[in-house]
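Single-structure report; data block below.
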Amino acid sequence: MTALAASLLERIQSRRARTGVVGLGYVGLPLAVELAKAGFHATGIDLDARKIQAIEQGRSYIPDVPTSDVTALRKAGKLDATTDFSIVRELDTINICVPTPLRKTRDPDMSYIVSAVESIAKHLHRGMLIVLESTTYPGTTDEVVQPLLEATGLKAGEDFFIAFSPERVDPGNPTFQTHNVPKVVGGLTSDCSQLAAALYGTAIETIVPVSSTRVAEMVKLLENTFRAVNIGLVNELALMCDRMNIDVWEVVDAAKTKPFGFMAFYPGPGLGGHCIPIDPFYLSWKAKQSGFDPRFIELAGHINGAMPHYVVDKVSEALNTKRKSVNGSSILIVGVAYKRDIDDMRESPALDVMGLLHAKGAHVAYVDPYVPEVHGREWSGRVDIRAVEFSRGTLGQYDCVVIITDHKTVDYDAIAAEADLIVDTRNAIKKPYPHVFRLGAPRPAAQGENIAVT
Ligand SMILES: NC(=O)c1ccc[n+]([C@@H]2O[C@H](COP(=O)([O-])OP(=O)(O)OC[C@H]3O[C@@H](n4cnc5c(N)ncnc54)[C@H](O)[C@@H]3O)[C@@H](O)[C@H]2O)c1
């Protein structure tokens, strides 16, 4: 190890290193808090002044981070936040946790990474460690981050150190949080790897070193592509089961009793969130540049992307049994967050389902204990809508209730008892009822009804 690297290592081990996190969202704020809890002084940098203000007031805006932690760390003088990148001059380490969305054309949007790295570069100094955490395609750290930082005249691996370490946080997961999810780390050089591993080792229980930044980048894309493809597979199975009058939920539950060689994935109304619908296309884009056509990713994308349309077909089928059309019907969506028990609506399939129903002339309302309002810019209906109160006695007023996200606090028995017609995309209502149309499952016939089996 060079003397410069050894000096930073000593500062990390003694907690005298000043740590920084750029991008204080779902990933960055928990990390800044863990670093501060590990004994470092941690500074968050974000362009969003509201986030900086919240931290200055000792308040958390991320559900997985208790406000009490932020307040205590503020009081102890361990955590602060700013919009001003000139603070980089005082920092020894920086973790970059900015967004990596897709453009409409499904190409990676690297503008957030480029902007954050350019802002850091203006104040980069010898002896710093810069770690990228944003999910991105293999090659980003050495093809994009390294040249931008080296434009300062300093050399990566000698004057400063860079690494990639994918974030694996699972928002809303009470068991696995930042500190106990193993952290994969790949540096540009051996010194870079050792320094990044040492930094994370102070706050995270298990470190998994890999040989390069590109391996670390690819690890994350394998993990998320694995999920996207398996969800695509089980969604296709659900469509098959629907046609064949077999209950896909019963099939998956029985299959998962196999103690080896099987992992349960469940069908649903489509993919949501910042990761699974997006990350595989970062890989796909990069692979195509090498002349490789990644077929699994594209196929899973087609199947998962069509699920909201299938849900709308189910709604139409359900209404048909009551001699009603989607056009003019009043439809209540239950759950608009992209998954259970969180408030995040990014890429939520609920927004697609709502948009499709609205386009067909339905009057759409929603209920979600975590999301008080859906803004017009977030869905194709273009109007702001507020969540309706979920109260017994009001469900009968809707022509159809569509369960998109199965938050635990929602009373599904009340929905089953009171709603006239239900489309359940999550198997939230376990008992079979003639008025409940479950995704990928047959339903019992109502009295006098003749269900055609094809
Ligand atoms: N949310 C997850 O569950 C999750 C899980 C694993 C990995 N990731 C990855 O982590 C990265 C961050 O995701 P997130 O969910 O925390 O995003 P987020 O949108 O919650 O937070 C990103 C933050 O970065 C800030 N920001 C944007 N540009 C900036 C700049 N130039 N300088 C400073 N701050 C800037 C934004 O204001 C925002 O506060 C993404 O690459 C994502 O794919 C997310």
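Each value in this text was obtained by applying a stated rule to the coordinates, not by laboratory testing. Nothing here was measured: the structure is a model prediction, and the numbers come from that model. All Cβ positions, glycine included, derive from the backbone under ideal geometry; neighbour counts span all protein chains shown.
Summary of values
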item	result
Subset of the stretch 13-41 [away from the ligand (no atom under 16 Å from the Cβ) and surrounded by fewer than 23 Cβ atoms within 10 Å (Cβ to Cβ)]	GLN13, SER14, ARG15, ARG16, ARG18, LYS37, ALA38, GLY39, HIS41
Any hit, the stretch 231-246, residues being buried (at least 16 other Cβ atoms within 10 Å of the Cβ), farther than 25 Å from GLY335 by Cβ and within 16 Å of the ligand (Cβ to nearest atom)	no
Candidates ARG377, ARG386, ARG392, filtered to the one that is over 23 Å from MET345 (Cβ atoms), surrounded by fewer than 19 Cβ atoms within 10 Å (Cβ to Cβ) and not hydrophobic (A, V, I, L, M, F, W, C)	ARG392
Flag for ARG11 being touching an Asp or Glu at 6+ places or on another chain (Cβ under 9 Å), more than 26 Å from GLY172 (Cβ to Cβ) and in a helix (DSSP H, G or I)	yes
Count of residues meeting criterion [within 17 Å of CYS192 (Cα to Cα), of a type in the set (S, T, N, Q) and in contact with a Ser or Thr (Cβ under 7 Å, 6 or more places away or on another chain)] in the stretch 116-150	1
Residue ID - farthest from ILE12 (Cα to Cα), chosen from residues in the stretch 42-72 that are under 21 Å from the mean Cα position of the chain (by Cα), surrounded by 14 or more Cβ atoms within 10 Å (Cβ to Cβ) and more than 10 Å from the ligand (Cβ to nearest atom)	PRO63
The stretch 132-179, residues that are more than 10 Å from the ligand (Cβ to nearest atom) and within 15 Å of TYR200 (Cα to Cα)	PHE161, ILE162, ALA163, PHE164, SER165, GLN177, THR178, HIS179
Positions within the stretch 247-284 being more than 16 Å from the ligand (Cβ to nearest atom), in a loop (DSSP other than H, G, I, E, B) and crowded, with 21+ Cβ neighbours inside 10 Å, in sequence order	PRO267, GLY268, PRO269, GLY270
